[in-house]
Amino acid sequence: MTSSLHFPKVIGHRGTPKRAPENTVAGFALAAAAGVTWVELDVQLSADLVPVVFHDDRLERTSTGTGFLVERDYAYLRDLDVGAWFSPDYAGEKLPHWDTVLDLLVGRRLGVNIEIKAADTRGAITAEIGLKHAVAKWPGELAPPLVTSFSRKAIERAKQVAPDWPRGLVSDPWPEDWREVCVRDGCATLHILHTSLTEDRVAAAKEAGLSVLAYTVNEPETAARLWEWGVDSVFSDRPELLLG
């Protein structure tokens, strides 16, 4: 574990989802144009093991698709509209392949928190495939991505596939075994729902050498309180507001 990592105080949660559809090429580009320097995103695998960027287990909320993403082949997913639900201005925005998003991140020089979005049953394979794509494309001169997951299996595999990239445990509520897990898997960060944090918990994690990141924070007053406690970064749906 280390305390030498440095993150921006505000990270765009799935891009800038109050202004553009989440986890889309358009949303990440808009975040970069607005001055956001880091974004958080979600990598999942299709049924035929193609890595895509999408948050939910099911497709209905933010796409024209139906059913569970992990049960759909990429040939089905790639044609889904993931923008029209948000606004007619974004109609035609397609569910992105992970490589497409990686190209944008590198081109815009955006830092990234890669969340491996998978249950433990698919955590290891999702981390392995998703991170192999990222390692192949990520240039050495950019800050390494931060790799995180709720899945302990995903974090374990991330340690093997991208050993030099920092890892973090995501949890809600506060995990009682955080010390054990972070030591075992060499985690550098803890990512906690902001309402589950207390000043004492932040202090304990910081004393153990961890960076603490809080999600999802959309009010400046809340962000200010968390920063005062020592929280390193907040994930926000309104990053431009907190940056301003």
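We did not get these values from a lab; they are worked out from the coordinates using the rules stated. Every value quoted in this text rests on a predicted model; they were computed, and no experiment measured them. Neighbour counts are summed over all protein chains in view; Cβ atoms, including those assigned to glycine, are modelled from backbone coordinates with ideal geometry.
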Among (1) in a helix (DSSP H, G or I); (2) closer than 21 Å to residue 167 by Cα, where does residue 26 come up short? (2)
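Can you tell me which residue is farthest from the chain's Cα centre (by Cα) among those in the stretch 170-182 that are of a type outside the set (S, T, N, Q) and surrounded by 12 or more Cβ atoms within 10 Å (Cβ to Cβ)? Outline the logic, then answer.
Just the residues of the stretch 170-182 that are of a type outside the set (S, T, N, Q), to begin with: 170, 172-182.
Within this subset, residues satisfying the condition of being surrounded by 12 or more Cβ atoms within 10 Å (Cβ to Cβ) are 170, 172, 174-175, 178-179, 181-182.
Values: 170: 10, 172: 15, 174: 18, 175: 19, 178: 19, 179: 22, 181: 19, 182: 18 Å.
Per the criteria, the residue is 179.
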If you go through 79, 48, 42, 56, the only one that is surrounded by fewer than 24 Cβ atoms within 10 Å (Cβ to Cβ), part of a loop (DSSP other than H, G, I, E, B), under 13 Å from the mean Cα position of the chain (by Cα) and acidic (Asp, Glu) is 56
Where in the stretch 184-244 are there helices (runs of 4 or more DSSP H), lying wholly inside it, with at least 2 residues that are closer than 26 Å to residue 159 by Cβ? 199-207
Within the set of pairs 6 or more residues apart or between chains, which connect a residue that is touching a residue at least 60 places away in the same chain (Cβ under 8 Å) and assigned to a loop (DSSP other than H, G, I, E, B) inside the stretch 139-168 to a residue that is hydroxyl-bearing (Ser, Thr, Tyr) and crowded, with 16+ Cβ neighbours inside 10 Å with Cβ atoms less than 8 Å apart? 166/189
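Quick one: how many residues across the stretch 106-130 are part of a helix (DSSP H, G or I) and either under 13 Å from the mean Cα position of the chain (by Cα) or farther than 15 Å from residue 33 by Cα (or both)?
Within the stretch 106-130, the first condition is being part of a helix (DSSP H, G or I), and the residues that meet it are 106-108, 120-130.
Keeping just the survivors that are either under 13 Å from the mean Cα position of the chain (by Cα) or farther than 15 Å from residue 33 by Cα (or both) gives 120-130.
Result for the stretch 106-130: 11.
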Considering only the stretch 225-244, state which residues are hydrophobic (A, V, I, L, M, F, W, C) and either under 15 Å from the mean Cα position of the chain (by Cα) or under 22 Å from residue 19 (Cβ atoms) (or both). 234, 235, 241, 242, 243
